[in-house]
Amino acid sequence: MQLEIFTTGGTIDKVYFDSKSSFEVGEPQIVEVLREANLTVDYRVTSLMRKDSLELTDQDRAMIRQAAQNSLAAQIVITHGTDTMIDTARALVGIADKTIVLTGAMQPARFRHTDAVFNIASAVVAAQTLSAGVYIAMNGQVFDPHSSRKNVELNRFEKI
């Protein structure tokens with residue numbers, strides 16, 4: 001296996017039930033996105049949890065870190081909610097000999113207009129081309145988790 005993809009939940013997998021924004025984190029959408037993209041990379045998808053990133057705990061981050069460390073793949077993509085993606089990326093720093101790229105979406109993958117497909121594609125390519133380390137792929141850019149932030153007002157990630 002060339003690439004392992006871990007899913008943790010977040011907006012990318014959200015299902016909304018009404019106009020008042022009642023939601024739950026549903027089944028991982030990345031499997032369908034990659035099927036539709038006709039991805040030819042040897043990959044495996046493993047669902048670690050289905051949580052909004054604001055609900056993630058230090059124990060959850062430790063579990064994500066352990067999964068990445070134990071993976072046989074040197075290239076890893078993690079789908080994650082955007083609110084605490086940087087925190088989780090920082091918790092993964094220091095894992096040797098692996099390229100780990102976190103990505104997510106500002107709009108659910110189930111929506112007609114979503115950034116999920118582009119962000120997933122960016123993360124898959126970044127995981128295959130970047131040197132070992134931890135990165136965030138969002139908004140058509142690759143970010144270092146130590147020098148980036150989510151700009152809530154502009155609904156995008158940016159360098160700081």
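The values are calculated or read from the model by the stated rules, or taken from the named source; none is laboratory data. In this text the structure is predicted, and so the values were computed from the model without any measurement. So basically every Cβ, Gly included, is an ideal-geometry build from the backbone, and we count neighbours across all protein chains shown.
Quick notes on this structure:
- Within segment 145-156, if we keep just the residues that are surrounded by 12 or more Cβ atoms within 10 Å (Cβ to Cβ) and either basic (Lys, Arg) or in contact with a strand residue (DSSP E or B) (Cβ under 7 Å, 6 or more places away or on another chain) (or both), the residue that is nearest to ASN119 (Cα to Cα) turns out to be ARG156.
- Segment 109-160: number of residues that are under 19 Å from ALA73 (Cβ atoms) and hydroxyl-bearing (Ser, Thr, Tyr): 4
- Test result for THR99, among the hydroxyl-bearing types (Ser, Thr, Tyr), within 14 Å of THR8 (Cβ to Cβ) and surrounded by 14 or more Cβ atoms within 10 Å (Cβ to Cβ): no
- Residue ID - surrounded by the most Cβ atoms within 10 Å (Cβ to Cβ), chosen from residues in segment 118-140 that are part of a strand (DSSP E or B) and in contact with a Phe, Trp or Tyr (Cβ under 7 Å, 6 or more places away or on another chain): ILE136
- Residues that are touching a residue at least 40 places away in the same chain (Cβ under 8 Å) and polar (S, T, N, Q), drawn from segment 69-87: SER71, GLN75, THR79, THR82
- Residue within segment 17-26 that is at pLDDT below 80, farther than 29 Å from GLN69 by Cβ and not in a loop (DSSP other than H, G, I, E, B) present: yes
- Residues in segment 107-160 that are touching a residue at least 24 places away in the same chain (Cβ under 8 Å) and among the hydroxyl-bearing types (Ser, Thr, Tyr) were compared, and the one that is farthest from GLY9 (Cα to Cα) is SER131.
- Looking at ILE160, ILE76, ILE100, ILE86, just one residue is β-branched (Val, Ile, Thr) and in contact with a Gly (Cβ under 9 Å, 6 or more places away or on another chain), and that residue is ILE100.
- Filter result (farther than 25 Å from VAL125 by Cβ and surrounded by fewer than 17 Cβ atoms within 10 Å (Cβ to Cβ)) within segment 51-88: LEU54, GLU55, THR57, ASP58, GLN59, ALA62, MET63, GLN66
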